[in-house]
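For reference, the structure discussed in these notes is given below.
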Amino acid sequence: MASAQEEDSPRDGAVSEKDERQRAGKPRFQQIDREQLFWRMINVERLIAEDHPARAIWEFVGKLDLSGYTGEIRAVEGMAGRPALSPQLLVSLWAYAYGHGVGSGRAIEQLCEWDPAYQWLTGAVVVNAHTLSDFRVKHEKALKELFVQVLGLLSADGLITLERVMQDGTKIGGKAAQDSFRRKERVEQALKQAQEQVAAVEALSEEESSRRISKARRRAQRERQQRLEQALEEFEKLAEEGSGKGPEDRRVSTSDPQARIMKQPDGGFAPSYNAQINTDASNGVVVAVGVVQAGNDFEQLQPGVDRVEQNLGRTPDQVVTDGGFVSRDNIVAMKERGVEFIGPCGDEAGKGKSSYEGRGVSPEYHSSQFVYDAQSDSYCCPQGKILTYDGKEQRHTQVSYRYRAQRSDCQGCPVKGQCCRGNRVTGRSIHRSEEIAEVAEFRHKMQTEPAREIYRHRAQVAETPNLWIKEKFGLRQFNVRGLSKVGMEALWACLTYNIRIWIRLRWIQVATVAMVPA
Ligand code: SF4
C-alpha cells in the first residue's frame with residue numbers, strides 16, 4: 001500500500017496545480033500606507049544602548065556645578081509658570097550635538113523629533129531652537145567657568161599634567177561672505193540706509209507695522225543696522241592697530257565685521273578668525289582656547305600661556321610651538337616666566353634664494369663689503385660714502401639695526417646699478433643684527449637631539465584637536481558672528497572634545513570607540 005505522502009505528491013516530472021498557479025500569477029507586494037496614524041509605545045530608557053556616548057555625556061555633565069546658568073531662571077518652586085529646561089540638559093545637548101557635527105539650534109530641534117540619542121537626552125521632548133541658540137551664546141561667564149570645571153575634573157582624574165603643553169593656531173572661517181568687505185564710505189552709506197529703514201518701520205503704528213512687516217524681517221533690519229555700526233567701530237580699531245594699509249585700502253565685512261581676511265593653509269585668503277589652542281601633551285586634553293583677529297601667531301604665545309594659568313592655576317613646565325610663534329620677545333618672556341620654550345629656530349640667512357641675487361647686487365657690494373665703525377655707529381660703503389643709523393627692526397629672533405646712505409650719494413653714484421639698482425627714492429640701506437643671550441641659548445638648545453625629539457611630537461599632539469574640531473565636529477566655519485560669540489563656540493567645541501577624551505579614557509562603561517578622539 002502506498003503512503004499518504006506518495007498519494008499527494010505529483011508523479012515524477014509532473015507539475016502540481018499550485019506550482020502552475022504561482023508561475024502564471026502576478027506577484028503581490030505589501031502595500032506601504034503612509035496615510036495611517038498609529039500610537040507607538042516607546043521606552044525612552046531603552047532608546048539607546050547601555051554604552052551609548054549620550055549616557056556618558058549626561059553622566060559627566062551631571063558632575064558639574066551648573067549654578068552659573070541658573071541666575072536668570074524665573075520659574076521657581078512655589079510659583080506658577082512653566083518650568084525651565086535644566087542646564088544639564090542644554091549643556092548635554094550641545095556637547096552631544098557638537099560631537100556629531102551639528103552646530104545649529106534648528107538642527108538640534110529637528111533631531112529631537114526622531115533621533116534616539118536626542119530623544120533619550122530630552123526624555124522625548126522637543127527643545128525649541130531659540131532656547132538652544134540663546135543658551136549657547138548668552139552665558140559667556142558661565143561657559144568659561146564650565147570649561148575650567150571640566151579641566152578640574154580631568155586634572156583630578158590624572159588626565160592633565162602641564163609638564164608639556166603644545167600651542168597651535170588654526171584658522172576657522174567667519175560667517176562673512178568674501179564679497180561683503182567694503183570701504184568705510186560704502187559702510188557709512190549702507191548704515192544711513194539701514195537707519196532710515198528702521199526709523200520708517202518704527203514710525204508705523206503697531207498694528208500697521210505687524211500687518212506689513214513680519215517680526216523676523218524687523219529683527220533682521222535691526223541686526224543689520226547693528227552690524228554696520230560695529231563695522232564702523234572696526235575701522236577705528238584697524239586704524240589704532242596700524243594695520244599696515246592706508247585708510248583707503250582698509251575694508252571691513254558688513255556681514256561679520258570682526259572677521260578678518262587671513263591667509264589659509266592652502267595659500268588662499270578667506271574671512272576667518274584665528275583660534276589658539278593649548279593642548280596638554282600627556283593625554284591630549286585642550287587646556288586653553290582663545291580666538292583672536294590677528295592672522296599671525298607671533299603675539300599669541302604669551303596670551304595662550306596666560307589662559308592656561310588662569311584655567312589651571314599655574315603655567316606649563318614646557319611649551320612647544322611651531323616656527324610661527326618663535327620670536328625674540330617670546331623667547332625672553334618664556335624664560336622670565338620659567339617656562340621652557342621649544343620651537344624651531346630657523347636660520348633666516350640660509351633660507352631660499354639669496355636676496356642679493358633677487359635684487360641684482362654684485363658680490364663686491366654685499367653688506368659684508370661695507371665697513372662698520374663702532375665709534376661713530378656708521379658704515380662706510382665701497383665708494384667711501386657714509387651710511388648712518390636709520391632705525392631698528394624686530395626680525396623674528398633678532399634685533400636688526402638699519403643704516404642708510406644719503407639719497408644724493410646713491411642716486412648719483414656710478415656703480416648704483418651693481419649696488420642698489422632698483423632704489424629710485426632713497427639711499428642704500430644695510431642691516432646689522434644682534435642676538436641676545438636668551439636667543440643664543442635657545443638656538444643652541446634647539447640644535448640638541450633631545451629638544452629636536454620633543455619638537456618632532458609637536459604636530460601629532462597640537463594638530464589633533466584642530467583636526468577633530470574641523471573634520472569630525474565640522475567646525476570649519478563658525479555658526480555665529482562676532483569675536484565674543486565665536487570665542488564661545490570655540491569653547492563649546494573644546495569642551496566637547498575634552499568630554500570625549502574623558503569618555504574614552506575614564507568612562508567605566510566604555511563608549512563607542514569610533515565616536516571618540518583617538
Ligand atoms: S650706491 Fe650708494 S651705497 Fe652703493 S656704492 Fe654707491 S654711494 Fe655707496
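Values in this text are rule-based calculations from the coordinates and carry no lab data. Since we're looking at a predicted model, the values are computed, not measured. Please note: Cβ atoms are built from the backbone with ideal geometry, for glycine as well, and neighbour counts cover all protein chains shown.
Treating the chain as a set of equal point scatterers at the Cα positions, no solvent, please give the Debye-formula log₁₀ I(q)/I(0) at q = 0.06, 0.11 Å⁻¹. Values, matching the q order: -0.47, -1.10. Listing L505, L475, L111 from fewest to most neighbouring C-beta atoms within 10 Å gives L505, L111, L475. Packing around the peptides 185-193, 449-457, 272-280, 401-409, taken as the average count of other Cβ atoms within 10 Å per residue, puts them in this order, highest first: 272-280, 401-409, 185-193, 449-457.
Once every DSSP H run of n ≥ 4 in the chain is given -39500 (n - 2.57) and the sum is divided by its residues, what mean residue ellipticity at 222 nm do you get, rounded to the nearest 500 deg cm²/dmol?
Helix contribution divided over all residues of the chain: -13000 deg cm²/dmol.
Descending by average beta-carbon neighbour count within 10 Å, the peptides 370-376, 126-132, 316-322 line up as 316-322, 126-132, 370-376, the highest first. Once the Cβ-Cβ distance of F38 and E223 is raised to the sixth power relative to R0 = 35 Å, the FRET efficiency obtained is 0.20. If the limit is 23 Å between Cα atoms, which of K171/K192; K175/K237; K171/K335; K141/K485; K335/K445 go over it? Where the Cα-Cα span goes over 23 Å, the pairs concerned are K171/K192; K171/K335.
Packing, as the average of other Cβ atoms within 10 Å across residues, places the peptides 51-58, 334-341 in the order 51-58, 334-341, highest first. 3J(HN,Hα) along segment 437-447, derived from phi through the Karplus expression 6.51 cos²θ - 1.76 cosθ + 1.60 where θ = phi - 60°, amounts to 4, 4, 5, 4, 5, 4, 4, 5, 4, 6, 8 Hz, with x in place of Gly and Pro. Extension gain, S376 to S67, is 104.5 nm, computed as 0.36 nm per intervening residue step minus the present C-alpha separation.
Extension gain, L483 to A200: 0.36 nm times the residue separation minus the Cα-Cα distance gives 98.8 nm. Taking Cβ atoms as reference points and 9 Å as the exclusive limit, the residues near T254 contribute a net charge of +3, counting Lys and Arg as +1 and Asp and Glu as -1. Its alpha carbons give segment 249-304 an Rg and a Dmax of 13.7, 46 Å. Full extension of the chain between A84 and R186 yields a length gain of 32.3 nm, computed as 0.36 nm times the residue separation minus the alpha carbon distance. The Cα-based radius of gyration and maximum Cα-Cα distance (Dmax) for segment 416-500 are 23.3, 65 Å.
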